[in-house]
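A.B. asks: Quick one: the structure is below, questions incoming.
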Ligand SMILES: C[S@@+](CC[C@H](N)C(=O)[O-])C[C@H]1O[C@@H](n2cnc3c(N)ncnc32)[C@H](O)[C@@H]1O
């Protein structure tokens, strides 16, 4: 018996090209489109009109909170990283969708961002809300300028989130901005009642890449007292020393955003309601 070759073994038929007058084999890749056909098909794809993931995320949070308040009939919304990711697509902005959703059962809002321009947008968003209607509870909002990892202490100390207060916190960071200690503080705040519900964004898609660029000690950085600059992956002390200006200090530039107790604050939380 001779040695088995490609010619009599697997794959030969697939390799055959149909020759003229040959009715026993078929054309290779007969279903391939011509370049013209491909070009025509490509023309049918439109560019995305908005960032789809952000859009879905904002809708998910809005819907989740709609069901949340159907049960609780009240509540506090904390958004630690609240500025719009895509200001040109306001419909993908979670804070906006939540503030504008109905029924308006959520009563207290804490919206924080590090970026002063985004803080201005948050303030404008709040001020653009229509006044309260008959049978609606008064709503109040504190817009906070600064590092949420620091400002979360003031939110929790403000007395707004009592054991009986239903609360939801959105931690929509880009990658490493939210210290794990911040998650712990929120999780441990309520002792006997239902916990503050947490929606924590984990950057699963690019986490490996981000971690591989780490120059600092990841465990220290994401643990107590340290934070990481998302652009460089470097770890800095949480007091702001050595960091790239990530800590404008407790007390932002706006009267309404200074440290607790906030000016004009009346327990349980200050109001700047329109
Ligand atoms: C992913 S975006 C938030 C997107 C937003 N939730 C939305 O629905 O469009 C992250 C935001 O966090 C802000 N940020 C970054 N570091 C922060 C920090 N340490 N504290 C508070 N905000 C921070 C950024 O300025 C940015 O606006």
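A.B. asks: Just to check your reading of the model, which residue among 102, 107 is in contact with a helix residue (DSSP H, G or I) (Cβ under 9 Å, 6 or more places away or on another chain) and more than 11 Å from the ligand (Cβ to nearest atom)? Walk me through how you get there before you give the answer.
C.D. replies: Details: 107 fails: in contact with a helix residue (DSSP H, G or I) (Cβ under 9 Å, 6 or more places away or on another chain).
That would be 102, the only listed residue that is in contact with a helix residue (DSSP H, G or I) (Cβ under 9 Å, 6 or more places away or on another chain) and more than 11 Å from the ligand (Cβ to nearest atom).
A.B. asks: I'd like the residue in the stretch 72-95 that is over 13 Å from the mean Cα position of the chain (by Cα), part of a helix (DSSP H, G or I) and touching a residue at least 24 places away in the same chain (Cβ under 8 Å) and, out of all such residues, is farthest from the ligand (Cβ to nearest atom). Explain how you work it out, then say what you get.
C.D. replies: Quick first cut of the stretch 72-95, residues over 13 Å from the mean Cα position of the chain (by Cα) only: 72-77, 87-91.
Now restrict to residues that are part of a helix (DSSP H, G or I): 72, 90-91.
Within this subset, residues satisfying the condition of being touching a residue at least 24 places away in the same chain (Cβ under 8 Å) are 72, 91.
Details: 72: 22, 91: 10 Å.
My answer is 72.
A.B. asks: Mind checking which residues of the stretch 153-176 are more than 8 Å from the ligand (Cβ to nearest atom), at pLDDT 95 or above and under 17 Å from residue 114 (Cβ atoms)?
C.D. replies: Answer for the stretch 153-176, where residues must be more than 8 Å from the ligand (Cβ to nearest atom), at pLDDT 95 or above and under 17 Å from residue 114 (Cβ atoms): 153, 154, 155, 169, 171.
A.B. asks: While we're looking at this one, here's another question. Among 3, 97, 104, which is out of contact with any strand residue (DSSP E or B) (no Cβ under 6 Å at 6 or more places or on another chain) and at pLDDT below 95?
C.D. replies: Just one listed residue meets the conditions, 3.
A.B. asks: Could you tell me whether residue 185 is touching a helix residue (DSSP H, G or I) at 6+ places or on another chain (Cβ under 9 Å) and surrounded by 13 or more Cβ atoms within 10 Å (Cβ to Cβ)?
C.D. replies: Values: touching a helix residue (DSSP H, G or I) at 6+ places or on another chain (Cβ under 9 Å): yes; surrounded by 13 or more Cβ atoms within 10 Å (Cβ to Cβ): yes.
Yes.
A.B. asks: Scan the stretch 182-199 for residues that are in contact with a strand residue (DSSP E or B) (Cβ under 9 Å, 6 or more places away or on another chain), in contact (Cβ under 8 Å) with a residue 24 or more places away in the chain and away from the ligand (no atom under 12 Å from the Cβ) and jot them down. Before the answer, list the steps.
C.D. replies: Start the filter on the stretch 182-199 by keeping residues that are in contact with a strand residue (DSSP E or B) (Cβ under 9 Å, 6 or more places away or on another chain), which leaves 182-183, 186-187, 189-190, 194-199.
This time we only want the ones that are in contact (Cβ under 8 Å) with a residue 24 or more places away in the chain, so: 182, 186, 189-190, 194, 196-199.
Within the stretch 182-199, 186, 189, 190, 194, 196, 197, 198 qualify.
A.B. asks: Further question: Can you pull out the residues in the stretch 50-71 that are in contact with a helix residue (DSSP H, G or I) (Cβ under 6 Å, 6 or more places away or on another chain), within 9 Å of the ligand (Cβ to nearest atom) and in contact (Cβ under 8 Å) with a residue 60 or more places away in the chain?
C.D. replies: 61
A.B. asks: Next up: Could you tell me how many of the residues in the stretch 116-152 are out of contact with any strand residue (DSSP E or B) (no Cβ under 9 Å at 6 or more places or on another chain), within 16 Å of the ligand (Cβ to nearest atom) and touching a residue at least 40 places away in the same chain (Cβ under 8 Å)?
C.D. replies: Selection size over the stretch 116-152: 1.
A.B. asks: Okay, next question. On the given criteria, is residue 47 more than 16 Å from the ligand (Cβ to nearest atom), farther than 26 Å from residue 103 by Cα and at pLDDT below 95? Please lay out each step first, then the result.
C.D. replies: Numbers: more than 16 Å from the ligand (Cβ to nearest atom): yes; farther than 26 Å from residue 103 by Cα: yes; at pLDDT below 95: yes.
Criteria met by residue 47.
A.B. asks: Are any residues in the stretch 58-83 within 24 Å of residue 149 (Cβ to Cβ) and out of contact with any strand residue (DSSP E or B) (no Cβ under 9 Å at 6 or more places or on another chain), and if so, which ones?
C.D. replies: Listed by number, the list holds a single entry, 58.
A.B. asks: A further question on this structure: Scan the stretch 45-70 residue by residue and report those that are within 19 Å of residue 166 (Cα to Cα) and surrounded by 10 or more Cβ atoms within 10 Å (Cβ to Cβ).
C.D. replies: 60, 61, 62, 63, 64, 65, 66, 68, 69, 70
The values are calculated or read from the model by the stated rules, or taken from the named source; none is laboratory data. It should be emphasised that the depicted structure is a prediction, and the values quoted were computed from it without experimental measurement. A quick note on method: Cβ atoms are made from the backbone with ideal geometry, for glycine too, and the neighbour counts reach across all protein chains shown.
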